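Visitor: The structure's right below; bear with me while I get my questions together.
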Amino acid sequence: MSCCGLLTHPTHSRCGLLTHPTHSRCDLLTHPTHSRCDLLTHPTHSPLRVGSRGRAGDGQWGAGLWGADRASASPASPMGHGTSRLYSALAKTLTSGAAAPHPEYLLSPDPEHLEPIDPKELLEECRAVLHTRPPRFQRDFVSVSSVSSECPSSHPPIRVMQWNILAQALGEGKDNFVQCPAEALRWEERKCLILEEILAYQPDILCLQEVDHYFDTFQPLLSRLGYQCTFLPKPWSPCLDVEHNNGPDGCALFFLQNRFKLINSANIRLTAMTLKTNQVAIAQTLECRESGRQLCVAVTHLKARTGWERFRSAQGCDLLQNLQSITQGARTPLIVCGDFNAEPTEEVYRHFASSSLNLSSAYKLLSADGQSEPPYTTWKIRTSGECRHTLDYIWYSQHALSVRSALDLLTEEQIGPNRLPSFNYPSDHLSLVCDFSFKEPPHGLL
Ligand SMILES: NC(=O)C1=CN([C@@H]2O[C@H](COP(=O)(O)OP(=O)(O)OC[C@H]3O[C@@H](n4cnc5c(N)ncnc54)[C@H](OP(=O)(O)O)[C@@H]3O)[C@@H](O)[C@H]2O)C=CC1
Ligand SMILES: [Mg+2]
């Protein structure tokens, strides 16, 4: 075990949150500027009352999150007293669930005390925790670019990572991965596999689904790695049905603050045929610090399971409509990452492929003809049998952005006969990673 203590020593001033969630309150309170979940950009919202078994729909998790729905697409605002109270409430329930806040929680957040983590140090700690496991798989970036003929940007590429990381509560309590040993799912190690994957590729923008360890793991760690972090829980997360759950799962969006400035952020509860649904999306408009150009990034996780194809399609239409408005009719280049729970043959895929937002799916570029999606992005064995599907996508504005390269998927041999998750891959979904650049000069309308 490494001696750095990033993962294992909660009383240290760095992370230390991963193995001792009861200590997480301090970090939540001391580094507010890096925790701009949308909960915190609306100080007029009432403080959250959260509980490990609570549901957003009950007003326990994320009360007030949905009040504004699309109207929550407001500029990020500096945090005031309301925010501190939010912190207090969140920290309180994340730790003990006690009724009254401890005065310790009321400490003023002080961004000056933010202590950055060296990614290499954290990676070493992860590797030390994982030393008994088989090594992670080698995946290569494949150059897919035609940028030489498109006048490439002189600025460094923008690396985007899309990943359904598998909610801990669902993996242990609901998913029924019959070929995956319970030990492979132990959070203390699985979180290190997830972090290792993120640290290996160091995305500028990270879009995650099924996040049920945001406040005790991803927000405190990734904020110290320089990311601005946003989380939006599902209103009725199925995680909450699982004994000893860690709260609801949801979508999370992270971007490196040294590369982007947040211009606008929207929490979206997706509707289907005018009905509010249990699925969500986050959409943020970012300004690229090097080029001054703006980019809208969205993350979503659509309704799962067969029989829900029309529902997914309606959710997709709602998301597209929201994005039309946020990008001002496609004037801002757009990247949409998600677990769409839909094969390319589904209606929702066709809606995205043919929308007036002019989107294309980046991973098609890995195919020989550039027209076919990969054969799978998720591969698991449930009691019902083997499930191999292409469900995850990175959509991008094809007239404004170029894909320079994409991370190759794992081969069938690497995935192995027991499929995913496994001792050396933490989720049933593969991560997708692409390097983008802005096309120059801008092509007017996308
Ligand atoms: N009390 C209430 O009024 C309500 C309660 N709920 C709760 O929410 C749950 C449903 O939420 P909803 O958002 O619609 O969930 P989804 O149907 O979208 O699925 C939830 C999760 O289950 C995973 N999943 C998909 N297929 C299977 C499978 N065959 N076996 C096990 N897990 C699977 C999905 O993972 P992936 O995406 O990776 O495939 C997904 O993360 C209900 O079970 C209920 O607990 C919901 C609404 C109202
Ligand atoms: Mg899942």
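The values are calculated or read from the model by the stated rules, or taken from the named source; none is laboratory data. Predicted model only: the values in this text are computed from it and were never measured. Virtual Cβ from ideal backbone geometry, glycine too; neighbours counted across all protein chains shown.
Visitor: Out of Q257, Q284, I need the residue that is of a type outside the set (V, I, T), at negative phi, more than 16 Å from ligand 1 (Cβ to nearest atom) and crowded, with 24+ Cβ neighbours inside 10 Å. Which one?
Guide: That would be Q284, the only listed residue that is of a type outside the set (V, I, T), at negative phi, more than 16 Å from ligand 1 (Cβ to nearest atom) and crowded, with 24+ Cβ neighbours inside 10 Å.
Visitor: While we're on this one: So, of the residues in the stretch 152-178 that are in contact with a Leu (Cβ under 6 Å, 6 or more places away or on another chain) and part of a helix (DSSP H, G or I), which turns out to be farthest from ligand 2 (Cβ to nearest atom)?
Guide: Among those that are in contact with a Leu (Cβ under 6 Å, 6 or more places away or on another chain) and part of a helix (DSSP H, G or I), it is E172.
Visitor: Quick check on my filter: what residues within the stretch 264-322 are under 20 Å from P235 (Cβ atoms), charged (D, E, K, R) and touching a residue at least 60 places away in the same chain (Cβ under 8 Å)?
Guide: R269, K276, listed by residue number.
Visitor: Sticking with this one: Which ones in the stretch 332-343 are away from ligand 1 (no atom under 16 Å from the Cβ) and surrounded by fewer than 24 Cβ atoms within 10 Å (Cβ to Cβ)?
Guide: Residue satisfying the conditions is T332 alone.
Visitor: From the list T327, T306, T300, which residue is more than 17 Å from the chain's Cα centre (by Cα) and crowded, with 21+ Cβ neighbours inside 10 Å?
Guide: Within the list T327, T306, T300, the selection yields T327.
Visitor: Within the set of pairs 6+ apart or on separate chains, which have a first residue in the stretch 343-368 that is without any contact (Cβ under 8 Å) to a residue 60 or more places away in the chain, a second that is assigned to a loop (DSSP other than H, G, I, E, B) and among the polar types (S, T, N, Q), and C-beta atoms under 7 Å apart?
Guide: Short answer, once both residue conditions are applied: E343/T390; P344/T390; L359/Q398; S360/Q398; K364/Q371; K364/S372.
Visitor: Surrounded by fewer than 18 Cβ atoms within 10 Å (Cβ to Cβ), in contact with an Asp or Glu (Cβ under 9 Å, 6 or more places away or on another chain) and in a loop (DSSP other than H, G, I, E, B) - does that describe any residue in the stretch 426-435?
Guide: no
Visitor: Would you mind telling me which numbered condition in (1) of a type outside the set (S, T, Y); (2) part of a loop (DSSP other than H, G, I, E, B); (3) in contact with a Lys or Arg (Cβ under 8 Å, 6 or more places away or on another chain) V348 fails?
Guide: (2) is the only condition that V348 fails.
Visitor: Inspect the stretch 405-415 for any residue being of a type in the set (V, I, T), assigned to a loop (DSSP other than H, G, I, E, B), farther than 17 Å from G171 by Cβ and within 16 Å of ligand 1 (Cβ to nearest atom) and give the result as yes or no.
Guide: No - not one qualifying residue is present in the stretch 405-415.
Visitor: Working carefully through the options P181, P233, P203, P238, find the one that is under 18 Å from the mean Cα position of the chain (by Cα), over 30 Å from D369 (Cα atoms) and away from ligand 2 (no atom under 14 Å from the Cβ).
Guide: P233
Visitor: Let me ask something else. Any idea which of (1) more than 14 Å from ligand 1 (Cβ to nearest atom); (2) under 30 Å from T332 (Cβ atoms) is the one H213 doesn't satisfy?
Guide: (2)
Visitor: Go through the stretch 181-195 and give me each residue that's within 21 Å of H301 (Cβ to Cβ) and either in a loop (DSSP other than H, G, I, E, B) or within 16 Å of ligand 1 (Cβ to nearest atom) (or both).
Guide: L185, R190, I194
Visitor: Do the conditions hold for P248, that is, is it within 14 Å of ligand 1 (Cβ to nearest atom) and farther than 21 Å from N322 by Cβ?
Guide: So P248 passes the test.
Visitor: Here is a list: N245, N278. Which entry is outside any strand (DSSP E or B), among the polar types (S, T, N, Q), more than 15 Å from the chain's Cα centre (by Cα) and surrounded by fewer than 24 Cβ atoms within 10 Å (Cβ to Cβ)?
Guide: Going through N245, N278 in turn, just one is outside any strand (DSSP E or B), among the polar types (S, T, N, Q), more than 15 Å from the chain's Cα centre (by Cα) and surrounded by fewer than 24 Cβ atoms within 10 Å (Cβ to Cβ): N245.
Visitor: Moving to a separate point now. Taking the stretch 380-406 as the region of interest, how many residues are within 30 Å of L185 (Cβ to Cβ) and surrounded by 21 or more Cβ atoms within 10 Å (Cβ to Cβ)?
Guide: 7
Visitor: Moving to a separate point now. Hey, can you tell me all the residues within the stretch 417-436 that are away from ligand 1 (no atom under 16 Å from the Cβ) and either out of contact with any Lys or Arg (no Cβ under 6 Å at 6 or more places or on another chain) or acidic (D, E) (or both)?
Guide: P417, N418, V433, C434, D435, F436 - these are the residues of the stretch 417-436 that are away from ligand 1 (no atom under 16 Å from the Cβ) and either out of contact with any Lys or Arg (no Cβ under 6 Å at 6 or more places or on another chain) or acidic (D, E) (or both).
Visitor: Going through the stretch 292-320 one residue at a time, which ones are within 13 Å of ligand 1 (Cβ to nearest atom) and part of a strand (DSSP E or B)?
Guide: T300, H301
Visitor: Can you work out which of the residues in the stretch 217-233 that are under 20 Å from A266 (Cβ atoms) and touching a Cys at 6+ places or on another chain (Cβ under 8 Å) is nearest to ligand 1 (Cβ to nearest atom)?
Guide: Taking the candidates together, the pick is L232.
Visitor: Please name all residue pairs, on different chains or six or more residues apart, with Cβ atoms under 6 Å, provided the first residue is in the stretch 197-212 and is in contact (Cβ under 8 Å) with a residue 40 or more places away in the chain and over 17 Å from I158 (Cα atoms) and the second residue is more than 16 Å from ligand 2 (Cβ to nearest atom) and assigned to a helix (DSSP H, G or I).
Guide: none
Visitor: Still on this model: Could you check how many residues of the stretch 131-144 are under 30 Å from F436 (Cβ atoms) and either modelled with pLDDT of 95 or more or surrounded by 13 or more Cβ atoms within 10 Å (Cβ to Cβ) (or both)?
Guide: Matching residues across the stretch 131-144 total 8.
Visitor: Another question, then. Checking L253 against (1) part of a strand (DSSP E or B); (2) more than 17 Å from the chain's Cα centre (by Cα), only one condition comes out false. Which one?
Guide: With (1) part of a strand (DSSP E or B); (2) more than 17 Å from the chain's Cα centre (by Cα) applied to L253, the lone miss is (2).
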